[in-house]
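For reference, the structure discussed in these notes is given below.
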Amino acid sequence: MKAFEKLDVWSERNHSPWMDILRMILGVALIAKGFLFMSDITPLIKTLDLRFGISNTSIALFIGFIHLLAGFLILIGLATRMACLAVLPILFAAIFFVNIHVGVNVTELISSIVIFFLLIFFFLKGSGKFSVYYYVANSRRSREKHGVDGENIAAPLSAGFDHDGNFQ
């Protein structure tokens with residue numbers, strides 16, 4: 001956990017607003033791709049069958065769902081690193097096993113590569129200042145700094161948690 005805390009501190013010091021906009025664009029792109037997968041699932045099923053020998057509809061739906069969920073989480077800036085980590089293997093397979101060998105158009109390959117590197121970037125960088133994570137983390141720091149304890153208005157919501165936010 002210490003490594004992620006150090007990464008968060010470094011990220012907060014070296015973060016500019018354009019990175020938040022780029023993170024939001026990445027989230028919208030993943031949501032759009034997820035909707036494309038979900039709206040017409042047959043090309044994805046055919047590709048999975050052709051390249052991997054998997055003709056299971058549930059796996060294709062899972063890929064679409066992961067794109068939708070991870071895109072939403074990246075868009076709002078909540079669990080950004082975990083969302084990036086969830087999509088990275090799917091995009092890795094899409095680049096190296098599907099796009100290069102099947103002969104998909106060059107723009108599809110280039111967009112997959114750009115999104116892959118953006119996912120790696122935001123896995124390392126984190127959410128940024130315009131995110132739900134930043135809001136929640138700073139509100140917790142503010143409560144700790146000003147001495148607000150769990151006995152106030154937030155007591156029913158924080159029942160069962162210690163001062164670090166860990167479940168007891």
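Just to be sure I understand, how many residues within region 72-90 are crowded, with 22+ Cβ neighbours inside 10 Å and either hydroxyl-bearing (Ser, Thr, Tyr) or farther than 15 Å from Tyr133 by Cα (or both)?
Initial filter on region 72-90 (crowded, with 22+ Cβ neighbours inside 10 Å): 73-74, 77, 80, 83-84, 87.
When the remaining residues are screened for being either hydroxyl-bearing (Ser, Thr, Tyr) or farther than 15 Å from Tyr133 by Cα (or both), the result is 80, 87.
Summing the residues that are crowded, with 22+ Cβ neighbours inside 10 Å and either hydroxyl-bearing (Ser, Thr, Tyr) or farther than 15 Å from Tyr133 by Cα (or both) in region 72-90 gives 2.
Could you go through region 51-60 and let me know if any residue there is more than 9 Å from the chain's Cα centre (by Cα), more than 18 Å from Met19 (Cβ to Cβ) and surrounded by 17 or more Cβ atoms within 10 Å (Cβ to Cβ). Steps first, please.
Of all residues in region 51-60, those more than 9 Å from the chain's Cα centre (by Cα) come to 51-60.
Next, from what is left, pick out any that are more than 18 Å from Met19 (Cβ to Cβ): 51-60.
After this cut, where a residue has to be surrounded by 17 or more Cβ atoms within 10 Å (Cβ to Cβ) as well, the list is 60.
Yes.
Taking region 38-58 on its own, how many of its residues are over 19 Å from Phe96 (Cα atoms), part of a helix (DSSP H, G or I) and in contact with a helix residue (DSSP H, G or I) (Cβ under 8 Å, 6 or more places away or on another chain)? Show your work before the answer.
Initially, region 38-58 is screened for residues over 19 Å from Phe96 (Cα atoms), giving 38-42, 55-58.
With part of a helix (DSSP H, G or I) added as a condition, the list becomes 38-39, 42, 57-58.
Now restrict to residues that are in contact with a helix residue (DSSP H, G or I) (Cβ under 8 Å, 6 or more places away or on another chain): 38, 57.
The number of residues fulfilling the criteria is 2.
Every number here is computed from the coordinates shown, using simple stated rules; none is lab data. None of these values were measured; they are calculated from a predicted model. Glycine also receives a Cβ, built like all others from the backbone with ideal geometry; neighbour counts cover every protein chain displayed.
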